[in-house]
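Report on one structure; see the data block that follows.
None of the figures in this text is laboratory data; all of them are computed from the coordinates on show. Source: prediction; values computed, not measured. We place every Cβ from the backbone using ideal geometry, glycine too, and count neighbours over all the protein chains shown.
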Amino acid sequence: MSEWWTYGLSDFLMFSPRTYWRLIENYNQTIWPAQAVALAAGLVLLWLAADWRANGGRWMAGLLALAWLCVAWAFHWERYASINWAAPYMTMAFALQAFLLVVLGVLRRDAPMPAASIVQGMGWFMAGVGIVLYPLAVLVSGRPWAQAEVFAVMPEPTALATLGLVLASHGLSPVRRWALAIIPVLSLLLGAATLWTFST
Amino acid sequence: MRRRDLLLHLVPALGAGALHAQNAARPQSLTRAIASSGEQIPVVGLGSWITFNVGNDRAARDQCIEVMRHFFEAGGRLIDSSPMYGSSQGVIGEGLQKLRAQSKVFSAEKVWTSSEGAAQIEQSRQLWRVPRFDLLQVHNLLAWEKQLPLLQAMKSAGKLRYVGITTSEGRRHREVEQIMRSQRIDFVQLSYNLLDREAEETLLPLARERGIAVLVNRPFREGALLRQLQRHPLPGWAREIECTSWAQAALKFIVSHPAVTCAIPATSSVAHVRENMAAAGGRMPDEALRQRMATDVRKL
């Protein structure tokens, strides 16, 4: 594509904000009460991360992998692809993250290596926001409750919670930590850019 | 004549009379000839970028079909879409079938791939639910060296009526100009509005010279132009050209350019499509007023 520098994200977002939020609303209504199960799974993840017992990290990575697969299939592939031609690529990225979580988090573990306390603190904060506070953001934005974005249901809270838990985790070497952080960071950047484009 | 026979004769006649009255009540819409064939099409069409990409949302799809219903009722014909526009093609196809408008529509579609164009075109045709497209355009010149011969071969084989290329927001005008000079195309689609007037310099005069019809996209700068203008009252000249809104003034400015064949504003609002279609009728600005309109709007 020549003159690529003249293109902005708005040239590739082929849907209106209204369509996007309606899509989430219909999605939430269709899968209810799966959101309650997802929220409970998120709280279990926080407990596992805090408990630091043997095999807790494996369960954590396994649950996170399941959450990423759910978002890949139920949101990106089944819903988002109907309005966004790039959604199939997002499906693949989310499936790849699930695969990485299984390979690096479930099948192979390093000896416990505590992260620096400031990084760990940031991780706890992000995980808490992703799992507990993110669904409440809908109230601040003035949108209806049915458009709430829940961990393991929507991409951004899932990515934020995963990034937080990866940072807070005791059982990952820095290399694995980075490998598991790349796709969540990219997903969050894409989500932020989408919201920014909507606002402009 | 028996009473039953009389009724059988009268009912269709009354229906035809009602239809005639409806047509008579509708203001005469301006049409322009497609230079390569002489076929007339209304100067205001319907775009589907963003507005018709509503996924599987039943209520939103029905709203789009209502927009199409009012578009056709107001005499509109040309609807434009692209494989890039998500679910828009499927929404249009559903609307055409429900409204039984396959014979009314002038279908303007695009090919947007650097790989197999024929497969994508066939997929688009199935989504539109039409026997063939009237116009196929190479979207944003993507792989035009490969896709244009394909479209021309389809036209020669009677599987397509017109061939075109598209650009938007003033991009790649030099390359568009080269294609217009060197290739046999029926249509060019470009951005042109009260503020973005680069096309006036070369492409619009060249289109007239080469007998190429012009479709105009982004007439309202994706709504931003209207949001900016609606902060100000309509100037006095709006009454001279029978405009009741800024949208109509913006559209009349575009379609009164002699090289423009059809503008394709996109909307998901019935009120807006009616407003847009009304811009195809009534008095049009002459060249002097067009210049004044552009100057006044630039100052706002």
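Go through B:Lys98/B:Lys155; B:Lys155/B:Lys252; B:Lys110/B:Lys252; B:Lys110/B:Lys146; B:Lys104/B:Lys146 and tell me which ones have a Cα-Cα distance over 21 Å in this structure. Before the final figure, lay out each step's value.
Details: B:Lys98/B:Lys155 28 Å; B:Lys155/B:Lys252 32 Å; B:Lys110/B:Lys252 26 Å; B:Lys110/B:Lys146 14 Å; B:Lys104/B:Lys146 31 Å.
Those over the limit are B:Lys98/B:Lys155; B:Lys155/B:Lys252; B:Lys110/B:Lys252; B:Lys104/B:Lys146.
Given a cut-off of under 8 Å on Cα pairs at least six residues apart, what relative contact order in percent is computed for chain B?
On the way: 509 pairs, mean separation 61.9, N = 300.
Dividing the mean separation by the residue count of chain B yields 21 percent.
Can you give me the long-range amide H partners of B:Gly281? Hydrogens built in the peptide plane at 1.01 Å from N, cutoff under 5 Å, separation of 5 or more residues or another chain.
B:Leu30
Taking amide hydrogens as modeled 1.01 Å from N in the peptide plane, which residues meet the under 5 Å criterion relative to B:Gln40, leaving out close sequence neighbours?
Amide H to amide H, under 5 Å and 5 or more residues apart or across chains, B:Gln40 pairs with B:Ile34.
Under a Cβ-only charge scheme (Lys and Arg +1, Asp and Glu -1), can you give me the dipole magnitude of the protein assembly as shown about the Cα centre, in debye to the nearest 20?
Numbers: 50 positive and 37 negative charges, 171 e Å.
With only Lys, Arg, Asp and Glu charged at Cβ, the dipole is about 820 debye.
Is there a quick way to get the dipole size of chain B? I mean about its Cα centre, with the Cβ of Lys and Arg at +1 and of Asp and Glu at -1; what is the value in debye to the nearest 20?
Taking the Cα centre of chain B as origin, the dipole is about 620 debye.
Over all residues in B:135-141, what is the mean tally of Cβ atoms on other chains that come within 10 Å of each residue's Cβ? Could the numbers behind the result be given before it?
Working: counts 0, 0, 0, 0, 0, 5, 2.
Mean partner-chain Cβ count within 10 Å for B:135-141: 1.
What residue among B:Leu194, A:Pro135, B:Ala157 has its Cα farthest toward the positive end of the dipole of the protein assembly as shown, where the charges are +1 on Lys, Arg and -1 on Asp, Glu, each on the Cβ?
B:Ala157
Quick one: Karplus J couplings for the stretch B:133-148, per residue in order, coefficients 6.51, -1.76, 1.60, θ = phi - 60°, nearest Hz, x for Gly and Pro?
8, 6, 9, 10, 10, 7, 5, 6, 6, 5, 6, 5, 4, 8, 7, 4
What is the angle, in °, between the Cα long axis of helix A:34-51 and the longest principal axis of the Cα atoms in chain A? Nearest 10 is fine, range 0 to 90.
That works out to roughly 30 degrees.
Counting other beta carbons within 10 Å of each residue's own, what order do B:His272, B:His139 fall into, fewest first? If you can, show how the numbers build up before the last one.
Details: B:His272 20, B:His139 23.
Neighbour counts put them in this order, fewest first: B:His272, B:His139.
Can you give me the pair-distance distribution of the stretch A:32-199, C-alpha pairs, 5 Å bins, whole percents?
Over the stretch A:32-199, the share of Cα pairs per 5 Å bin runs 2, 9, 18, 24, 21, 14, 8, 4, 1, 0 percent.
Find, among the trypsin sites (Lys or Arg not before Pro) in the stretch A:9-74, those assigned to loop by DSSP (not H, G, I, E, B) with at most 16 other beta-carbon atoms within 10 angstrom. Before the final figure, lay out each step's value.
Values: sites: A:Arg18, A:Arg22, A:Arg53, A:Arg58; in loops: A:Arg53.
Here the trypsin sites (Lys or Arg not before Pro) that fit, given the DSSP loop and packing criteria, are A:Arg53.
Just to check I understand the Karplus step: with θ = phi - 60° and J = 6.51 cos²θ - 1.76 cosθ + 1.60, what whole-Hz values come out for the stretch A:160-168, glycine and proline as x?
Along the stretch A:160-168, the couplings run 5, 5, 5, 4, x, 5, 5, 5, 7 Hz.
Got a sec to turn the phi values of the stretch A:126-132 into Karplus ³J(HN,Hα) couplings, 6.51 cos²θ - 1.76 cosθ + 1.60 with θ = phi - 60°, whole Hz, x for Gly and Pro?
Whole-Hz 3J(HN,Hα) from phi for the stretch A:126-132: 5, 5, x, 5, x, 8, 9.
Let me know the Rg and Dmax you get for the protein assembly as shown when you use only its Cα atoms, in Å.
Reported Rg and Dmax, both Å: 27.4, 102.
Charges on Cβ only, +1 for Lys and Arg, -1 for Asp and Glu, centred on the Cα centroid of chain B; of B:Ala263, B:Ser182, B:Pro42, which one is farthest towards the dipole's positive end?
With unit charges placed on the Cβ atoms, the residue in question is B:Pro42.
Ranked by Cβ crowding within 10 angstrom, fewest neighbours first, how are A:Ile118, B:Ile185, B:Ile241, B:Ile79 ordered? Please list the in-between numbers first.
Numbers: A:Ile118 9, B:Ile185 24, B:Ile241 20, B:Ile79 28.
Going from sparsest to densest Cβ surroundings: A:Ile118, B:Ile241, B:Ile185, B:Ile79.
Amide H of B:Gln137 versus every other amide H placed in the peptide plane: which residues, excluding those fewer than 5 positions away on the same chain, fall under 5 Å?
Sorted by chain and number, the residues that satisfy this are B:Glu109, B:Lys110, B:Val111, B:Gly164.
From the gyration tensor of the Cα coordinates in chain B, what semi-axes in whole Å does the equivalent ellipsoid have, largest first, with each one equal to sqrt(5λ)? Kindly include the intermediate steps, with their values, before the conclusion.
Working: eigenvalues 186, 147, 70 Å².
For chain B, the ellipsoid semi-axes come out as 30, 27, 19 Å.
Please report, in debye to the nearest 20, how large the charge dipole of the stretch A:32-199 is about its Cα centre when each Lys and Arg carries +1 at its beta carbon and each Asp and Glu carries -1 there. If you can, show how the numbers build up before the last one.
On the way: 8 positive and 5 negative charges, 59 e Å.
Computed about the Cα centre, the dipole is about 280 debye.
Exposure proxy check: B:Thr244, A:Thr194, A:Thr200, B:Thr261 ranked by fewest other beta carbons within 10 Å? Please list the in-between numbers first.
Numbers: B:Thr244 14, A:Thr194 19, A:Thr200 9, B:Thr261 27.
Listing B:Thr244, A:Thr194, A:Thr200, B:Thr261 from fewest to most nearby Cβ atoms yields A:Thr200, B:Thr244, A:Thr194, B:Thr261.
What's the angle, to the nearest 10 degrees (0 to 90), between helix A:17-31's Cα axis and the longest principal axis of chain A?
Approximately 50 degrees, to the nearest 10.
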